[in-house]
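Only one structure is covered here, and it is reproduced in the block below.
The values are calculated or read from the model by the stated rules, or taken from the named source; none is laboratory data. All values derive from a computational prediction rather than experimental measurement. With ideal geometry, Cβ positions are generated from the backbone for all residues, glycine too; neighbour counts draw on all protein chains shown.
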C-alpha cells in the first residue's frame with residue numbers, strides 16, 4: 001500500500017469522508033498544492049484504502065482544456081452501461097455531451113445531473129468514490145458538471161476528491177495553473193498540502209538513497225527541498241550512491257532536463273560576481289553560511305553581490321545558505337568552466353575549518369600531480385568513510401590516485417579506490433581504476449589482488465560460468481602471497497560454482513573444494529563447505545554449526561554476495577531459521593550503515609526468505625522491493641530468489657507462473673543453475689498448494705536429485721509431499737530414509753517436525769495420527785506458522801480420509817485461518833475445499849481474504865487481535881474511534897466473521 005509520510009491531518013480528513021460515504025452521506029474536497037508536493041500519492045493511498053467503494057478515476061489533461069466534457073467522459077465511462085435507466089432529458093444531455101448523438105452540446109447543468117444520476121444508481125450497491133487528479137487542467141464544462149455532482153454528493157453515498165496544482169511553492173515547477181479547476185470548483189471545500197516536516201523528509205530521502213549521507217549534506221538537501229517529495233526524489237534519482245559519494249562528490253549525473261531548462265536563463269542573467277559566489281556556495285555541499293561569508297570576504301566580494309540571486313528567487317542565506325532546489329547546485333556546478341570550479345574549491349580550502357572537507361577542496365583545486373595533496377586525501381579517506389560510507393572513501397581515493405606522481409603509489413591507491421568503488425556499487429568505475437592499478441610497476445601481490453577484484457566484479461555483475469574460472473585462477477595466483485585473500489576468493493569461487501549449479505561441469509565444486517583443502521582452511525565457513533562437498537552432508541554438520549555461530553557473533557562486518565549466500569546456505573542446511581534470519585538482519589544493517597550497497601540485494605533477499613518461512617509475506621515483499629531498487633540503482637542483475645519463494649507461497653497461479661517462467665528462461669540463458677533450481681522449487685510449492693501433485697513431482701525431481709547445498713529445507717519436503725500424494729511410494733520412501741538421517745543429525749524443531757509430517761503422510765495405519773500430533777507440536781515450537789499450517793492441513797486431510805469429519809474440521813479450520821491470514825491463497829483454498837468436503841461451510845471467505853485486507857485494515861486487525869479497544873487503536877494510528885469501527889466492519893465483511901472474538905482466533 002502507498003506509504004504516506006507527514007500527512008496525518010489530510011489523511012484523517014479523507015478517512016472522515018470515507019466513513020461518511022459508508023454511512024450513506026457523501027462529501028467533497030479539493031487538495032491544492034505545488035507540483036510534486038504529494039497530491040497524487042495521497043490519491044493513490046485513498047484508492048487503495050477504499051476497497052469497498054466503486055471507484056471512478058479521471059486525470060485532467062492540459063491539451064483537452066478546451067474540449068467540453070472530456071474529463072467527465074473519462075470519469076463516468078465505467079457507468080455508461082446504465083445510461084438507458086436515466087430519465088429521457090438526462091439521457092439525451094449525456095449522449096449529446098459525449099458525442100453519442102448528433103444533438104448540440106448541452107449546458108453543463110443537465111449533464112451534471114445525468115452524471116449524478118449514474119453515480120446515485122451505482123451507489124445503491126456500494127458507495128462511490130470519484131478521484132480526479134490534475135484538476136487544474138479540467139475543461140470548463142466538466143468542472144461545472146463535477147461541481148454540481150459534488151454539491152449534491154453530501155446527500156448521497158458519493159465521495160468526490162480532487163487534486164489541483166496551485167502553481168505556488170519552490171518545488172519543481174513554475175508553470176502555475178488555474179488551481180482547483182478554476183472558478184467552477186471554487187465553492188468546494190479546500191485543503192492545502194504543504195511540505196513534509198523535516199523528519200519525514202529525511203526519512204523519504206534516505207529510503208531512496210540506500211547508503212549513508214553526511215548529516216550536514218542531508219539536512220541541507222532537506223532544507224532546499226522545503227518538504228517537497230518530488231524535489232527529494234529528484235535528488236535520489238539524479239545519481240546512484242556512488243554519484244552522491246556520501247555528500248562529498250557531486251551527484252546529478254542524471255539531472256531531469258526540465259530542471260536544467262528551468263534555471264538556464266535565470267542563471268545566465270546574473271552578474272559575473274554573483275555567479276562566482278553562487279559557484280562557491282554550490283561547491284560547498286553543507287550550506288554553511290559562515291563558510292560562505294568567509295569565502296565572500298576572501299574573494300573581495302560582498303553580501304550585496306548575492307542580491308540579484310535573492311531577487312530572482314534562486315538563493316537565500318539564513319541559518320544556512322540554500323538554493324531554490326537541491327539540484328540547482330549540481331546544475332550550476334556542472335555548467336561552470338573547470339578553472340572557475342577550481343577557483344571556488346581553492347577559496348573554500350583556504351577558509352574551511354573542517355580538515356576532511358579542506359582536503360577534498362584542496363584536491364579539487366589542484367591541477368597536476370601533488371604528493372602532499374594526494375597524501376592528505378588518502379589520510380582523510382577513512383574519516384570520509386565514517387561520514388558518507390564506501391562511496392565517500394572511494395571519491396577521496398580516486399582523487400588521490402589522480403594527483404599521485406609516484407607510479408607505484410598511484411597503482412596502490414587506484415586499487416584501494418577500486419575496492420571502495422566496488423563496495424559502493426560502481427562496478428564500471430571500479431574496473432577503470434583497476435586498469436590504472438594494473439598499469440603500474442610490476443608487483444606480484446598487487447597484480448594478484450587486481451585480478452582477484454576483477455574476478456569478484458565479474459561474479460557480482462554477471463554471475464555466469466566465466467566468473468568461476470576467473471575466481472579460481474585468482475585464488476591460485478594469490479595463495480602463495482596472501483593466504484587470507486586466497487581463502488576469501490575460494491569462498492567466492494564456491495558461490496560462483498553454486499550459482500552455476502547444474503550448468504557447470506560435475507567436477508566443479510570438487511575442484512574448488514580440493515583447492516580450499518590444500519590451503520588447510522582456518523576459515524570455518526570455507527572449511528564447512530569444503531567438507532560438505534568432499535565428504536558429504538553428515539560429516540559437515542558439526543562444522544556448519546560453528547561457522548553459523550561465527551556469522552551470528554559478527555557485528556559490523558560487511559560481506560559480499562558470496563559469504564552472505566554461503567552463510568545463509570549453512571544455516572538452511574542446519575534447518576536453523578533463527579540463525580539464518582539473524583545473519584541476514586546483521587548483513588542488511590551493516591551494508592546500510594557502511595554504504596556497501598553491492599552486498600545489499602543478496603542480504604535483503606535472504607531476509608525476505610526468512611520472512612516467507614515465518615509466514616510474514618507483506619514484510620518479505622517490502623524487503624524485496626528495496627532489493628530490486630538497489631540492484632537497479634547499481635546496475636547489477638536482479639536477485640529474484642526471494643520473489644520466487646514469495647510468489648509460490650502466495651499461490652497466485654498466473655503471477656507466480658509468469659515469474660517462474662521468466663526465471664527459468666533467464667537462468668538457462670545465463671547459465672545460472674541456482675536460479676533454475678529456485679524456480680523449480682517455487683513451481684513445486686505452487687503446484688502442491690493447487691493440489692496438482694503429479695505435476696509438482698515432475699517439477700522438482702531434478703532439483704531433488706541434485707541435492708545442492710542450502711536447498712535441503714526447500715526442496716526435500718516439497719518432493720516428499722508431491723511424491724506421497726501422487727502415489728509414488730517408490731520415490732518417497734527412499735527419499736524419506738535419507739531425509740531422516742539428516743534430520744537426526746541437526747535435531748531442530750523445524751527439521752524434526754517436517755520429518756514427522758512426511759512420515760505421517762507415508763504411514764497407512766493408525767500410527768500416523770501420533771506422528772501428525774508430534775509434527776504439529778514440533779512445528780509450533782519452531783515458530784514457523786506457514787509450515788505449521790501445512791502440517792495441520794495434511795493432518796486434517798488424513799483425518800477426513802479416515803472418516804473422522806468432526807476431528808478433521810478442527811485441524812482444517814486452524815490451517816485455513818492461518819494460511820488465509822498470511823495470504824497463502826492456494827494452500828488456503830486447498831484447506832477450504834477439504835472443509836467443504838466435511839460438510840462445513842466456509843462462510844463468506846475465500847482463500848487469502850486476509851491477504852486482501854488493506855495495509856491499514858491489517859494494522860487495525862492486528863491491534864484489535866492484541867486486545868486494544870477502538871479508542872486505543874485510533875490513538876495509535878491517529879484515527880477516530882468511529883473510523884476504526886468502520887475499518888472493523890470492512891474487515892469482518894472480508895473475513896466472513898462478526899466479532900472481535902473471531903478476529904482474535906485468527907491470530908493475525
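Structure notes:
- Residue that is modelled with the highest pLDDT [pool: residues in segment 211-226 that are outside any helix (DSSP H, G or I) and surrounded by fewer than 24 Cβ atoms within 10 Å (Cβ to Cβ)]: 226
- Every test in (1) assigned to a helix (DSSP H, G or I); (2) more than 24 Å from residue 399 (Cβ to Cβ); (3) within 35 Å of the chain's Cα centre (by Cα) is passed by residue 325 save one, and that test is (1).
- Check on residue 139, closer than 28 Å to residue 165 by Cβ and over 45 Å from the mean Cα position of the chain (by Cα): no
- Filter result for the condition that a residue is farther than 26 Å from residue 401 by Cα and buried (at least 24 other Cβ atoms within 10 Å of the Cβ), over 426, 475: 475
- Residue check, residue 145 surrounded by 24 or more Cβ atoms within 10 Å (Cβ to Cβ), modelled with pLDDT of 85 or more and either in the same structural domain as residue 53 (by TED's automatic domain parsing) or at positive phi (or both): yes
- The lone criterion from (1) within 28 Å of the chain's Cα centre (by Cα); (2) modelled with pLDDT of 95 or more left unmet by residue 722 is number (1).
- Where residue 238 falls short, out of the listed (1) farther than 19 Å from residue 591 by Cα; (2) crowded, with 22+ Cβ neighbours inside 10 Å; (3) within 23 Å of the chain's Cα centre (by Cα): (2)
- The numbered conditions (1) in contact with a helix residue (DSSP H, G or I) (Cβ under 7 Å, 6 or more places away or on another chain); (2) under 22 Å from residue 185 (Cβ atoms); (3) in a helix (DSSP H, G or I) are all true for residue 83 except (2).
- Helices (runs of 4 or more DSSP H) fully within segment 486-575 that include at least 3 residues being closer than 23 Å to residue 748 by Cβ: 524-534, 537-553, 561-573.
- Looking only at segment 265-274, and only at residues there that are without any contact (Cβ under 8 Å) to a residue 60 or more places away in the chain and either in a helix (DSSP H, G or I) or under 23 Å from the mean Cα position of the chain (by Cα) (or both), the one that is farthest from residue 305 (Cα to Cα): 265
- Meets criteria (touching a residue at least 24 places away in the same chain (Cβ under 8 Å), surrounded by 24 or more Cβ atoms within 10 Å (Cβ to Cβ) and outside any loop (DSSP other than H, G, I, E, B)) for residue 418: yes
- Among (1) under 24 Å from residue 614 (Cα atoms); (2) under 39 Å from the mean Cα position of the chain (by Cα); (3) crowded, with 17+ Cβ neighbours inside 10 Å, the one test that residue 735 misses: (1)
- Flag if residue 230 is assigned to a helix (DSSP H, G or I) and over 20 Å from residue 595 (Cα atoms): yes
- Condition met for residue 413 (surrounded by 23 or more Cβ atoms within 10 Å (Cβ to Cβ), modelled with pLDDT under 95 and either touching a helix residue (DSSP H, G or I) at 6+ places or on another chain (Cβ under 9 Å) or closer than 21 Å to residue 213 by Cα (or both)): no
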